[in-house]
Amino acid sequence: MKVYLEEVLREALISLSAEYPSLAGAEIQIEKPRSPEHGDAATNLALTLAGAMKMPPRKIAEKIVAALNTDDSLISSAEIAGPGFINFRFAHKWLQNQLLTITKASGEYGKTTDNKDKKVLIEFVSANPTGPLTVGHGRNAVLGDTIARLLEWSGALVDREYYFNNAGRQMRVLGESVLARYSELCGKATDFPDGGYEGDYIKDIASLLFDEHQNTLLNREDAVAICKGAAEAQIFEDIQNTLKRMNIRMDAFFNEYSLYESGAIESVVERLRDKNLAYDADGAVWFKTTEFGKEKDTVLIKSSGEPTYRLPDIAYHIHKLDRGYDIAIDIFGADHIATYPDVVSAVNALGYDGSKIDVQVYQFVTIVKDGKPFKMSTRKANFVTLDELMDEVGPDVTRFFFLMRSPGTHLEFDIAEAKEAGEKNPVFYLQYAHARICSILRKADETINSGDADADPSLLNHDSEINLIKHLLEFPDAVSVSARHREPHRLITYLNEAAAHFHKFYHDCRILGEEEKLASARVLLLHATANVLHNGLTILGIEAPDQM
RNA sequence: GCGUUCGUAGCUCAACUGGAUAGAGCAUCUGACUACGGAUCAGAAGGUUGGGGGUUCGAAUCCUCCCGAGCGCACCA
């Protein structure tokens, strides 16, 4: 419809261009007015042309409307309003006929070709295996997964990747922490390492080791390594189970260490040197970030010979692009926001297209527990795990809570409120609408003979019916916008409105017991609505229940 | 101090990136079908979009200066 309006407007402009040559190339914007009083679609064309034509916008609008040649079966009216907007209304006939395209498309309805066949890599979670996933990781995990789903619905081929490092200092401390707990189990008093991991899960891992080895590890030189290995394996299993429970699957786990093994790290340093962007000073290797507008240069390799994390980050992103991805998305918390420009600079400097790197930054979640802000620390074992949260409220509420707000705003997560899984919880509003429809459809199956194919949608002329149909037709656009911005909350806003339109329709119009032709037309509308809700919830990774 | 992301109804947040009278939910108040699921629906009330200045036909959105918050600013990840 948007395309059609653009065409008609373009033709009108061309016909007017004999008199006003500047019109022919004007850019045409079609948007949906915020208020329904302003019609179903509007263009600000006359306003944008006012300056160039030196005419009042309303006067220009009049000329455009006069030159407009619209098909009555598609557009029922074109009016000038306000400062010079042209408002269009869609013909009922057209709206009604679109219902069948929704039900026919079924599970495919809402898919677009915006990113058709684009290869996308999305990296998210990427927590090092030092402890269980906490609600602090939740926003990252759920955003990443849902953005992946949105992009799949826009036609992209998406790979999900989890990047981790099991070689750093933190991991060594983890091994030492386990060893200390293990020693305790062996009856040997040991000092707990400074800054060690205090969580109970460390004791569980130590206990497993004790069951397996008794006290035979105590005198082995590689005891820390064994403890570290066991902890990593155990924690990763735990993390994967949590992800699975949240309806998240990863396609790959990428170990930072492989970048050392492959020589990728060294190669980056050499190539930066070749470009004169890396140099030695004070025993360290530096990256000339001042070339890219930074105040200071940045250390790539410490004087100890160990790289900083920035170097493998650069190598990793180059590796992503080497694998042929058209878009490489990173889901980062606000703490990483200052570091990625260096990565992009390096990637560009080495001849890659840094614009393929798409960094999505979300603001941190403030956990509110017992009415107060709660600072989490994996090391100090102050945390609420995602598993604990899901025990309380289930995966659907967990996902929904992280998705319902714009990633760009600070999210306050009140544990008590989330646990209050009652009617306050907005996810139920959507699920209830779906369950309610399914319930009616079950009953309709028994009483109404004709199927969708026989239904006559032209009987649906009630305001509530028309408004619902209009909204259902916006679904593909909602998915598309949501995917383009990488902002799932836009889809949630849309679905809430869809559910509201449905509930309104439900109250205004009866279905069962109406005259059979009308009843089957309304059943068709129910099918279309359920389809939209179902597809939308599927994108969000949330269940669409048949009954609750 | 510098950089960065924010500040919208009592609370939690929207507003399709510059469009028309800034919208929802929760909380508060008033109402609704002896029928399809009341986990619903209709209505009331609630605002100087943190504050000042600027840009233009038009600003919550863009520029600037204040105020307040989060996060960065290591040869830590």
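Readers should treat all values here as calculations from the given coordinates under stated rules, not as data from a laboratory. Not measured: the values here are computed from a predicted model. Please note: Cβ atoms are built from the backbone with ideal geometry, for glycine as well, and neighbour counts cover all protein chains shown.
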### Query
What translational diffusion coefficient, in µm²/s and rounded to a whole number, does the Stokes-Einstein relation yield for segment A:357-437 at 20 °C and a viscosity of 1.002 mPa s, taking the hydrodynamic radius as the Kirkwood radius over Cα pairs?
151
### Summary
At q = 0.05, 0.10, 0.11 Å⁻¹, the log10 of I(q)/I(0) for chain A from a Debye sum over equal Cα scatterers comes to -0.30, -0.99, -1.10
### Message
Straight-line reach only, C-alpha to C-alpha below 19 angstrom: list the lysines that residue A:63 could link to, leaving out same-chain residues fewer than 8 apart.
### Response
A:54
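Of the listed peptides A:64-75, A:521-532, A:463-474, A:392-403, what is their order by residue-averaged count of other C-beta atoms within 10 Å, with the highest listed first?
A:521-532, A:392-403, A:463-474, A:64-75
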### Task
Based on alpha-carbon positions alone, could you give the equivalent ellipsoid semi-axes of segment A:423-539 from the gyration tensor, as √(5λ), descending, whole Å?
26, 15, 12
### Per-residue ³J(HN,Hα) for segment A:373-387, Karplus 6.51 cos²θ - 1.76 cosθ + 1.60, θ = phi - 60°, Hz, x for Gly and Pro
x, 10, 8, 9, 8, 5, 5, 7, 6, 9, 7, 10, 7, 4, 5
### Task
Mind checking segment A:1-90 for GluC sites (Glu not before Pro) that DSSP puts in a loop (not H, G, I, E or B) and that have at most 15 other Cβ atoms within 10 Å?
A:19, A:27
### Task
Quote the charge dipole size of segment A:20-164 about the Cα centre in Debye, to the nearest 20; the model charges only the Cβ of Lys and Arg (+1) and of Asp and Glu (-1).
260
### Task
Note the per residue figure in Å³ for the convex hull of the C-alpha positions in segment A:148-289.
196
### Equivalent ellipsoid semi-axes, segment A:131-207, via Cα gyration tensor eigenvalues times 5, rooted, Å
38, 12, 10
### Task
Treat every Asp and Glu Cβ in chain A as -1 and every Lys and Arg Cβ as +1, leave all other atoms uncharged, and give the resulting dipole magnitude about the Cα centre to the nearest 20 debye.
940
### Task
Would you kindly work out the equivalent ellipsoid of segment A:2-90 from its C-alpha gyration tensor and give its semi-axes, the square roots of five times the eigenvalues, largest first in whole Å?
20, 15, 11
### Message
Students often forget the sequence filter, so: which aspartates and glutamates lie under 18 Å Cα-Cα from residue A:228 once same-chain residues fewer than 8 apart are removed?
### Response
A:176, A:184, A:191, A:194, A:198, A:200, A:204, A:211, A:212, A:237, A:238, A:256
### Task
Excluding residues fewer than 8 places away in the same chain, name every one of the aspartates and glutamates whose C-alpha is closer than 13 Å to that of residue A:32.
A:40, A:474, A:477
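Please list, by residue number, every one of the GluC sites (Glu not before Pro) in segment A:222-310 that is coil in DSSP and has at most 16 other beta-carbon atoms within 10 Å.
Sparse-neighbourhood loop GluC sites (Glu not before Pro): A:295.
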### Summary
Helix A:92-105: inclination vs chain A longest Cα principal axis, degrees, rounded to 10, gives 40
### Query
Along the charge dipole of chain A, Cβ charges K/R +1 and D/E -1, which of A:38, A:374, A:199 sits furthest on the positive end?
A:38
### Message
Cβ neighbours within 10 Å, averaged per peptide: list A:537-543, A:168-174 in order, most packed at the top.
### Response
A:537-543, A:168-174
### Relative contact order computed over chain A (Cα-Cα under 8 Å; 6+ residues apart), in percent
16
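So how strong a dipole does segment A:185-270 carry about its Cα centre when Lys and Arg Cβ are +1 and Asp and Glu Cβ are -1, to the nearest 20 debye?
Dipole of segment A:185-270, to the nearest 20 debye: 360 debye.
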